Amino acid sequence: MQLPRHLSYTRSLSPSKAVFFYKTPESDFEPLQIEQNKLVGQKSGFSDAYQKQNVAKNLAPQDLAFGNPQTIDVCYVPPTVNELFCRFSLRVEANSIEPHVCDDPKVIYWLKRFFETYKKHNGLNEVATRYAKNILMGNWLWRNRQSPNVDIEILTEHADPIIVEGAQKLKWQDNWQNNQTALLTLSEAIQEGLSNPQNYCYLDINAKIKNAFSQEVHPSQKFVDTVEQGMSSKQLAYTQVGDKKAASLNSQKVGAAIQTIDDWYEGGYKPLRTHEYGADKQILVAHRTPKSHSDFYSLLPRIALHIKHMEKHGLDQSEQSNAVHFIASVLIKGGLFQRSKA
């Protein structure tokens, strides 16, 4: 199968912003606000004392002792608050059943057949379970997960609330014995949303975070291209709630944590965020390169062979089955997948 000139998929997982708040005797929703600090930053960078070729600059000792005035955004738990909450919603849709846009009928046929075969062999259960683990572990809290205790409650449309206590202790490779019911219930809800176009899945996820006294909170950080006078050089994300600004995690950051499920690459020593080339942001390496023929654009043209493998062997513990799961996860992520016009 050759990649067409036009091919795109709509994302199947759509998280909202995750908003931080706390409760008081007067209110069940008090936005956690962002503060602006003015401080003197230290000169501690390489370029402060060295030129590009590792040559020391001609500086007086006093030059490195002076600081640079800075204005930055910060966020802290109020001193009288012991518990902080972070809440977001997630919509799960069956958008990976077929392409959103495709100008080649043969490609549409093969991609629809791929998904139908993947669904038939219970492949969606595998990816749904991985998404569910990341939600229940509180990975979407990022650095804020490192707290004395994190309890997570999830509301679905049909089941009783799903509750996990001590989510900060859960690990990806754990057997989840004590939380098997929660994992099964959530993964089934996600799987239903991914497989049934007539039944959208809506989840309301709320984390209760126990905090040490007046600890720092880590919302998303905005990308700042230019800084005008009086503005913070480090700006934190927020959601406007009336006349207050509630600290928040961007939806893209929440989605990235949920979709950190790819350990199907060679070596597979840790889950990566689903990415066409298996990009590892920590060590700045792509684990799926065209040279290894394990990237999405190398695997997708062989879709007929993947279907044949599933029909003959199911989804076994093999390299080809791992490739099938990876392809499905990228289609669920969504994006533009057409070949270049050149």
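The values are calculated or read from the model by the stated rules, or taken from the named source; none is laboratory data. What you see is a predicted model, and the numbers here were worked out from it, not measured in a lab. These area figures cover heavy atoms from the full protein model, side chains too; ligands, DNA and RNA do not enter into them. Shrake-Rupley method; radii C 1.70, N 1.55, O 1.52, S 1.80 Å.
Scanning residues 5 or more positions from Leu236 or on other chains, those with amide H under 5 Å from its amide H are Asp73, Lys222, with H placed 1.01 Å from N in the peptide plane. For the chain, the solvent-accessible area with a 1.4 angstrom probe is 56 square angstrom per residue.
Taking amide H as placed 1.01 Å from N in the peptide plane, the amide H of Ile261 sits under 5 Å from that of Leu272, Thr274, each at least 5 places away or on another chain.
Checking (1) 18.5; (2) 23.3; (3) 37.8 against the coordinates, the calculated mean projected area of the Cα convex hull in nm² falls under label (2). Maximal additional length on extending the Gln36-Leu336 stretch stands at 104.1 nm, based on 0.36 nm per residue less the C-alpha distance.
Against the chain, whose longest principal axis comes from its Cα atoms, helix 123-137 is set at around 20 degrees. Counting only alpha carbon atoms, the long axis of helix 319-333 and the longest principal axis of the chain meet at about 60°. Surface composition of the chain: carbon plus sulfur atoms hold 48% of the accessible area, using a 1.4 angstrom probe and ignoring ligands, DNA and RNA.
A straight chain from Thr80 to Asp280 at 0.36 nm per residue would run longer than the Cα-Cα distance by 68.0 nm.
Between Asp174 and Asn58, full extension at 0.36 nm per residue minus the direct alpha carbon distance yields a gain of 36.2 nm.
Go through the stretch 88-102 residue by residue and turn each phi into a ³J(HN,Hα) via Karplus (6.51, -1.76, 1.60, θ = phi - 60°); whole Hz please, and just put x for glycine and proline. Per residue, the Karplus-derived 3J(HN,Hα) values read 8, 10, 9, 9, 10, 10, 8, 7, 8, 4, 8, x, 6, 9, 7 Hz. Cross-link list Lys208/Lys245; Lys17/Lys133; Lys38/Lys169; Lys43/Lys245: which exceed 30 angstrom alpha carbon to alpha carbon? From the list (Lys208/Lys245; Lys17/Lys133; Lys38/Lys169; Lys43/Lys245), the Cα-Cα distance tops 30 Å for Lys38/Lys169; Lys43/Lys245.
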